[in-house]
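K.L.:
Have a look at this one before I ask anything.
The values are calculated or read from the model by the stated rules, or taken from the named source; none is laboratory data. Since the structure is predicted, the reported quantities are computational estimates derived from the model, not experimental observations. Here Cβ is always computed from backbone atoms with ideal geometry, including for glycine, and neighbour counts include all displayed protein chains. Areas reflect the complete protein model, heavy atoms only, side chains present, ligands, DNA and RNA absent. Shrake-Rupley method; radii C 1.70, N 1.55, O 1.52, S 1.80 Å.
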Amino acid sequence: PFPFSYAAPNLVSIFPTSGPAAGSIPLTLNGANFGTVSTVTVAGRNCPVTSQGHTTLHCTLPAGQGSAAEVRVAAGNQTSDSRPFAYAAPTLDGLT
């Protein structure tokens, strides 16, 4: 028997790179080595995966805040380097 291990997930890009503090928008993550069962977190919160391939993931952005929220992909026992995501500051629309 020969030891074997998969390469760690490699998160290359996120689209869009910013979104509303309320979340609930789709994110597309591109990279490599996502495997067949991965998890995604944004600022430590679960971003539920809606579809997945080895190089592309889609998830639904959780609510959050911050201009440099870390996005990570985990597959098996390995986690990608983080990429930043910017939550938009809440606005006071409709107030005068």
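K.L.:
May I ask you to verify whether ALA74 is within 12 Å of the chain's Cα centre (by Cα) and in contact (Cβ under 8 Å) with a residue 24 or more places away in the chain? Break it down into steps so the answer makes sense when it comes.
P.N.:
Numbers: within 12 Å of the chain's Cα centre (by Cα): yes; in contact (Cβ under 8 Å) with a residue 24 or more places away in the chain: yes.
Spelling it out, ALA74 is indeed within 12 Å of the chain's Cα centre (by Cα) and in contact (Cβ under 8 Å) with a residue 24 or more places away in the chain.
K.L.:
Another question about this same structure. State the number of residues belonging to region 1-49 that are surrounded by 12 or more Cβ atoms within 10 Å (Cβ to Cβ) and among the small types (Gly, Ala, Ser).
P.N.:
Going through region 1-49 one residue at a time, the tally reaches 11.
K.L.:
If you check every pair at least six apart or on different chains, which have Cβ atoms under 6 Å apart with a residue in region 13-25 that is farther than 11 Å from PRO84 by Cα first and a residue that is polar (S, T, N, Q) and open to solvent by 50 Å² or more (accessible area, probe 1.4 Å) second?
P.N.:
The qualifying pairs are ALA21/GLN65.
K.L.:
Moving to a separate point now. Would you be able to tell me the number of residues in region 58-85 that are open to solvent by less than 30 Å² (accessible area, probe 1.4 Å) and within 21 Å of ALA22 (Cβ to Cβ)?
P.N.:
Looking only at that region, the number is 7.
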